[in-house]
Amino acid sequence: MGFSARRAPLAQRVKLHDESDSWECRRKIIILLRLYSYNRVFSYKFKRMDMAMSDEEQYAWIRLTLEPGIGPVTARHLLVAFGLPQDIFGASVAALMKVVPQKQALQLAAPVDPVTHTLIERTFDWLARPGHHIVTLADELYPARLLDTADPPSLLYVDGDPQALSWPVLAMVGARSATVGGTDNAFAFARHLADAGWTIASGLAQGIDAAAHEGALASGATPATIAVMGTGINRVYPAANKGLAMRIREQGALVSELPLDTAAVVHQFPRRNRIVAGLSLGVLVVEAAQRSGSLITARLAGENGREVFAIPGSIHSPLSRGCHALIRQGAKLVETAEDILEELARSGSAPKAGASLGRETGRQRQSESKLAGNPPRPDTSVTPVMSVAHREAPSRGARSTPAVATGASNAAQQELLEKMGFDPVSMDLLLVRLDTTVGALAGLLTELEMAGKILRLPDGRYLQRVNHLQ
C-alpha cells in the first residue's frame, strides 16, 4: 500500500496529544515516514536535534527483535500500527490481533520472559563498551539505502563506526573456495576502489570476502570496509578471521542484525546477503559457481535497482560459471576497477565532491606520507592481477581450489596445478604463490609440460591444459 493511503490517520497513530510527548511523537513520525521511504525528505529537519534513545526505548527495540516469530516484515507492520516498540508491548491483545495472529498477540502483551530479559541485559553490557552501538529505524544513523529494500532490519548491531554504513558503499562477493587468481583480483579491485572513495562491503567469509576486506584495509582509507556478519556481532565466523575482524572495526565497521551469541547457521547467510546488497550502490561478483550465495546477493541488488558487475574468467573454471551467467543476464562485464568507476560515474552513483568530507582516502595518506619523507605504498590501479604480484595472498592456508588434474604424479605437482588456476600465469607470480625457489619451480614446470598437463605460451606464461576435464 502506498504512502498516500496511510497518510490520513497518521496523527492518530503517533498520538500527538501534548507538548511533553513531542520528542516521542517526532520519532514515531520519522519511523512511519522512513518505512515509506520518505527518510531523506523528513529526517533532514531533525538531523541536528538530540534524539538519543532512553534505556527504556532501547530495551523495547532489542526485545522486539528477540520475540519469536517477529521478523522484519511483521515488525514493520507493528511499527506502522502502533508507533514505537514500547507502544507495541503496551497494546492490548485485541489491538495486537488486528496486526498479528492471536499467539503472537498474547506473546507481545505478556511480560518479557526471563531468558529474553537476561539476553537484553547482556546486550546492555555489550553496549557499554567503546565502539559498540545499536542503530534502529528510529535513528538518524540508520542507512537510508537499506530502507529501499523489502525487509529492512529493525535494528543493527554495529561494532566500529556506524556512520560508515551511510558512506558510498560497493559490495564485493564471491566464492569461499576461491582460486588464487580470484583472491588476487578481489584484493586489487577492493584496494583501488577504496582508494577512489568507496567503502567496500562484504560478508567476512573466507576466500573472496576476506580478500576484499584485506584489499580495502590495505588502501589506508577510513572507513575502508564493512563486514556484514551472519552471526551475532560478538561471534566471528569463521574463527580464522578474528584478526581480520578486529582490523575492520578499527577502519570501518562490523554489522549484524542477529542477537548476541547467535551461532553460524546456514539459513542466516541469505539474510546477511540482503543487508550486504541493501547497503550498497553496486555489487561486484568476483568468482562464483552456478549455485552460489553470491548470486543471491547479486539478484537482490538487481531487484533493488543497484548496479551489478561481474569479472569474467576461464570457461574451464567452475568458479567462473556464476559470473558468466550473471553477464548473460545483463550484469556489466568488468576487467579493471576503472571499468566500475566509469560505470558508476555514468549512472550518477559515484561519490560527489563533497560526499567524502571527513573520509581519509589512501591517496591522501600516501600524499601525507610522501611529505613526511616516507616511501609511498605500491599503486593498485589498472591491472588487478599483476598489481598484487608483490604480496602474499591473504588467508592462503584457508583457501582451497576446485580439484584439478587429479592425475598429477606427486603432491608438489598437484600443489602447483592448484596454484596455477585456469588462467595464464607467469613464473614470477607462481614463485609468490608457492614460496619456492626458481630451480624447484622450473623443474616442476618442465615435468608438467612433458606430461602434457600444462602449456608454455609464446609470452612465457603457463596455462593448465584441460584434457583432465574431457
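The values are calculated or read from the model by the stated rules, or taken from the named source; none is laboratory data. The shown structure was predicted, so the numbers you read here are calculated from the model rather than taken from an experiment. Glycine gets a Cβ as well: all are built from the backbone with ideal geometry, and neighbour counts include every protein chain shown.
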How many residues of the stretch 419-440 are touching a Lys or Arg at 6+ places or on another chain (Cβ under 7 Å) and over 20 Å from PRO312 (Cα atoms)? The answer is 3
Which of the residues spanning the stretch 225-244 are of a type in the set (A, V, I, L, M, F, W, C) and under 20 Å from ALA277 (Cα atoms)?
ILE226, ALA227, VAL228, MET229, ILE233
List pairs: first residue in the stretch 409-426 and under 17 Å from SER177 (Cβ atoms), second residue modelled with pLDDT of 85 or more and β-branched (Val, Ile, Thr) anywhere in the structure, Cβ distance under 6 angstrom, at least six positions apart or on different chains.
LYS419/VAL180; GLY421/THR179; GLY421/VAL180
Using beta carbons and a limit of 7 Å, which pairs, at least six apart or on different chains, have the first residue in the stretch 328-355 and under 20 Å from LEU300 (Cα atoms) and part of a loop (DSSP other than H, G, I, E, B) and the second one modelled with pLDDT of 95 or more and aromatic (Phe, Trp, Tyr)?
ALA331/PHE309; VAL334/PHE309
Residues of the stretch 253-279 being free of Cβ contacts under 8 Å to residues at least 40 places away in the same chain and β-branched (Val, Ile, Thr), in sequence order, are THR262, VAL265, VAL266
Let me confirm something: among GLY83, GLY90, which residue is over 35 Å from the mean Cα position of the chain (by Cα) and either within 20 Å of MET53 (Cβ to Cβ) or surrounded by 14 or more Cβ atoms within 10 Å (Cβ to Cβ) (or both)?
GLY90
